[in-house]
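Read the structure below first, then the notes.
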Amino acid sequence: MTKRTFLRAAAAVAALCASGVAFAQAAPFKIGLILPMTGGQATTGRQIEAAVRLWIAQNGDTVAGRKVQLIVKDDTSLPDVTRRVAQELVVNDKVDVLAGFGITPSALAVAPIATQSKTPQVVMAAATSSITEASPYIVRSSFTLPQAAVAMGDWAPKNNIKTVVTLVTDYGPGIDAEKYFSERFLFNGGKVLDKLRVPLRNPDFAPFLQKVRDLKPDALFVFVPSGAGAAVMKQFGERGMDKAGIRLIGTGDVTDDDQLNDMGEVALGVVTSHHYSTAHPSAANKKFVDEFMKANKGLRPNFMAVGGYDGMRVIYEALKKTGGKGGGDALLAGMKGQIFESPRGPVFIDAQTRDIVQNIYLRKVEKKDGQLWNLEFDVLKDVKDPGKSK
């Protein structure tokens, strides 16, 4: 081989390597978004997907030189389906991030896959405290039920509520809501007359509400998953429980902004504690709500939407921090410790727990401009998950 031939060959190899690097950098950044798009939690899927697509529309689909590719899969809220879909996304599609997860059993089903494949799992909805402990690769952008429930356990006894019955959906977040509300309510001198649990699948609230009416507490504390609040409110009104002097309180799921306008007069005056209201008075939230509603035929964004929206911010910012290189551990490091202004208010991803720290608001359903809103009247700032503080 002559010197000239050698130099040409070396230059060709260098060019090939450079094109390989360029190709690697230009490879799409894939986000596997697993949501309940059908079934009982379909409103959760609809809200989160709409918010994720809004984020991409507002912020572009290229981050640090990488084209973002969104792959949406319906798990119908069945954990076995969630697990299978996640496995396919990791093995076949080679996604960089797994995200979504409408209910706790679905999030937990994927945790081992996230750990084994070192794929960050961004939980945008599911709210049982222990979820982030199921894998070191889980980061949460939604909330935890203990965050919301403890606030109500403090407020109720100070507002002429001495006795309660709790009514929760019988799975992880409901059990968390029951436990942390009851403990704080009892600590503050209240009395829990009974603790009722309703099945997650095809719930019938009627016999439980009849039992509550017979017990005649000052208030009924309720947790149900997103989408089920309207059914509770309807049956609460049909049994005349509000007219019998029983107040309805709970976490914000029961006065879900997505359904609130359809709940009617029975919802007026209901007080809840939660991390987000469509009516939150900030410039960032007004922009989010206006653009969400414009893009979705007038649909109000609810707390599930804001979890999806902020989850995308967490993913985008982490990818920027890696300079577009990605990689499970580098992305995870980029997600930890993020601080930003969300439509819900200031939030922080705790680097130790990978869980969200945020404000919890006390809200009352009121009518304004002919519509029902969760209007905030008090705030607890920078609330960490009480489930992890023990």
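For segment 104-223, what relative contact order do you get, as a whole percent, if you take Cα pairs closer than 8 Å and at least 6 residues apart? Walk me through the intermediate numbers first.
On the way: 195 pairs, mean separation 28.6, N = 120.
This gives 24 percent for segment 104-223.
If you take every DSSP beta bridge whose two residues both sit in segment 59-159, what share of them, in percent to the nearest 5, is antiparallel? Mind dumping the intermediate values first?
Numbers: 2 of 8 bridges.
Counting DSSP beta bridges with both partners in segment 59-159, the antiparallel share is about 25 percent.
How large is the direction-averaged shadow of the alpha-carbon convex hull of segment 313-390, in nm²?
Working: hull surface 28.5 nm².
Result: a mean projected hull area of 7.1 nm².
Measuring from label point to label point, each 7 Å out along Cα→Cβ, what is the GLU265 to GLN116 span in nm?
It works out to 5.8 nm between the two label points.
Looking at the chain, what % of the alpha carbon pairs are farther apart than 40 Å?
Details: 14101 of 75855 pairs.
Tail fraction, whole percent: 19.
Round to a whole number: what % of the accessible area of segment 24-81 belongs to carbon and sulfur, probe 1.4 Å? Intermediate results must be reported in sequence, preceding the final value.
On the way: 1220 of 2280 Å².
Carbon with sulfur: 53 percent of the solvent-accessible area.
To the nearest 10 square angstrom, how much accessible area does VAL365 have with a 1.4 angstrom probe?
Solvent-accessible area, nearest 10 Å²: 0 Å².
Looking at the chain, what % of its DSSP beta bridges pair antiparallel, to the nearest 5?
If we restrict to bridges inside the chain, about 40 percent are antiparallel.
Report Rg(Cα)/(2.2 N^0.38 Å) for segment 213-321, keeping two decimals.
On the way: Rg = 16.7 Å, N = 109, 2.2 N^0.38 = 13.1 Å.
Dividing the Cα radius of gyration by 2.2 N^0.38 Å gives 1.27.
Heavy-atom accessible area per residue, segment 292-389, 1.4 Å probe: how many Å²? Could you put the intermediate results ahead of the total?
Working: 4130 Å² over 98 residues.
Value for segment 292-389: 42 Å² per residue.
Note down the accessible area of THR251, probe 1.4 Å, to the nearest 10 Å².
Counting only protein heavy atoms, the figure is 0 Å².
Given an 8 Å cut-off on Cα distances and at least 6 residues of separation, report the relative contact order of the chain as a percent.
Details: 817 pairs, mean separation 65.3, N = 390.
So the answer I get is 17 percent.
Which order do LYS381, LYS179 take by accessible area at a 1.4 Å probe, largest first? Walk me through the intermediate numbers first.
Numbers: LYS381 150, LYS179 80 Å².
Accessible-area ranking of LYS381, LYS179, largest first: LYS381, LYS179.
Round to the nearest 10 and report in Å² the accessible area of ARG184, as given by a 1.4 Å probe over the protein chains' heavy atoms.
Around 80 Å² of this residue is reachable by solvent.
Students sometimes get this wrong: rank LYS368, LYS325, LYS73 by accessible area, probe 1.4 Å, all chains present, largest first.
Working: LYS368 110, LYS325 170, LYS73 75 Å².
From most accessible down to least: LYS325, LYS368, LYS73.
The values are calculated or read from the model by the stated rules, or taken from the named source; none is laboratory data. This one's a predicted model, so the numbers in the text were calculated from it and none came from an experiment. Ideal geometry is used to build each Cβ from the backbone, glycine not excepted, and the neighbour counts take in all protein chains shown. Surface areas here come from the heavy atoms of the whole protein model, side chains and all, with no ligands, DNA or RNA. Shrake-Rupley method; radii C 1.70, N 1.55, O 1.52, S 1.80 Å.
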